[in-house]
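Just so it is clear, none of the values below were taken in a lab; they were calculated from the coordinates. From a predicted model like this one, the values you see are computed outputs, not experimental measurements. Positions of Cβ are generated from backbone atoms using ideal geometry, with glycine treated the same way; all protein chains shown enter the neighbour counts.
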Amino acid sequence: MADRTFYNEILTEHNIRPEFKHDLPDADIVLEGVNPSCGDDIWLKLKVDGDVITDGAFVGDGCAISQASADIMLGMIIGKTKDEALRLGNLFLRMIKGEASDEEIDELEEAGALKDISHMPARVKCAVLGWHTLLAVSYTHLTLPTSDPV
Ligand code: ZN
């Protein structure tokens, strides 16, 4: 049970003091993520330089789990290449489905705090909202030759 307390503390900390919940006016990529079943609604904003995500933030409203998950995610992907961020995103989704090994969950660092969500189906969409939005950004972005407004 010590683990569970530790994980709750991680989630609480990211809710009280989200590091990445702020506007990012010069973001290169902006995409909305909505989870109607809970009322979570976030805007994910990323700055990219070539293949590297150089900065990121999110704004919007939602439950504690959706907000903490998005904050943790941004802490993990900033400074990484898009491919690496995608890999982490897919790993996170596998963890939520209960398919990731302990080693893989370790690799997810603080995001591993959300692994018990796999036992709470009603909250799964909250936990994956930020990551789904990230994956959608990546796929959308891949189809565009440039992120500059036309
Ligand atoms: Zn939610």
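Given +1 on the Cβ of Lys and Arg, -1 on the Cβ of Asp and Glu, and no further charges, what dipole in debye does the chain carry about its Cα centre, rounded to the nearest 20?
Around 440 debye, computed over the chain.
Using the Kirkwood formula over every pair of different C-alpha atoms, what hydrodynamic radius in Å results for the chain?
15.4 Å
How about region 79-141: which trypsin sites (Lys or Arg not before Pro) there are in a DSSP loop, with at most 16 other Cβ atoms within 10 Å of their Cβ?
Filter output for region 79-141: K80, K97.
What angle do you read, to the nearest 10 degrees and between 0 and 90, between the alpha-carbon axis of helix 121-142 and the longest principal axis of the chain?
For helix 121-142, the angle is close to 20 degrees.
Could you point to the residue in Q67, L24, I53 farthest towards the positive end of the chain's charge dipole, with +1 and -1 charges on the Cβ of Lys/Arg and Asp/Glu respectively?
Result: Q67.
Tell me, what ³J(HN,Hα) does each residue in region 76-84 have, in order and in whole Hz, if you take phi through Karplus 6.51 cos²θ - 1.76 cosθ + 1.60 with θ = phi - 60° and put x for Gly and Pro?
Once rounded to whole Hz, the list reads 8, 9, 5, x, 9, 6, 4, 4, 5.
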